[in-house]
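**Q** Mind having a look at this structure? Questions to follow.
The values are calculated or read from the model by the stated rules, or taken from the named source; none is laboratory data. Quick caveat, the model's predicted, so the values are computed rather than measured. Virtual Cβ from ideal backbone geometry, glycine too; neighbours counted across all protein chains shown.
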Amino acid sequence: MAVVVADLRARLELVQKSLQLPSGYTELLQELKTRIRGAQVRAAFAVTRELVLLYWSIGQEISRRFDREDWGGKIIDRLSKDLQAEFPGVEGFSPRNLRYMRTSRRLGRTSQFCSSLLQNCRGVTTWSSSTA
């Protein structure tokens with residue numbers, strides 16, 4: 001019986017040792033989590049920036065077409081329908097949003113917002129530049 005208990009204790013010690021983390025593991029884990037979160041934030045900034053620029057350019061192009069080619073209001077409904085068919089599940093191309101893009105562009109609000117957004121995004125450090 002004493003041999004069995006000694007054998008169980010030895011096995012328990014081996015299991016406990018195998019569960020111990022190597023030195024520096026906690027620090028590595030924390031560093032990786034910080035880098036991952038930073039990359040997620042930078043990716044969100046990049047996506048937001050690109051979407052704002054896209055919406056601004058869509059509004060600009062729609063405004064140009066309306067001004068130059070004398071398009072009627074129903075064309076936005078058709079454009080919305082065709083864009084939604086081409087990009088199912090992608091939000092942002094409803095008739096109301098397309099009209100808002102056009103109106104915002106015509107009022108100049110989006111241009112100022114784009115400039116501000118681009119200025120703010122330039123200050124975001126990329127992971128590759130911070131590790132060089």
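**Q** Which residue pairs have Cβ atoms closer than 7 Å, lie 6 or more positions apart in sequence or on different chains, and pair a first residue in the stretch 68-81 that is touching a residue at least 12 places away in the same chain (Cβ under 8 Å) with a second residue that is in a helix (DSSP H, G or I)?
**A** Close Cβ pairs satisfying both conditions: Ile76/Pro95; Ile76/Leu98; Ile76/Arg99; Asp77/Pro95; Leu79/Leu98; Ser80/Pro95; Ser80/Leu98.
**Q** Where in the stretch 1-114 are there helices (runs of 4 or more DSSP H), lying wholly inside it, with at least 1 residues that are modelled with pLDDT of 80 or more and in contact with a Phe, Trp or Tyr (Cβ under 9 Å, 6 or more places away or on another chain)?
**A** Hits in the stretch 1-114: 25-69, 74-86, 95-107.
**Q** Could I ask something else about it? What residue, among those in the stretch 39-55 that are closer than 22 Å to Leu98 by Cα and not hydrophobic (A, V, I, L, M, F, W, C), is farthest from the chain's Cα centre (by Cα)?
**A** Tyr55
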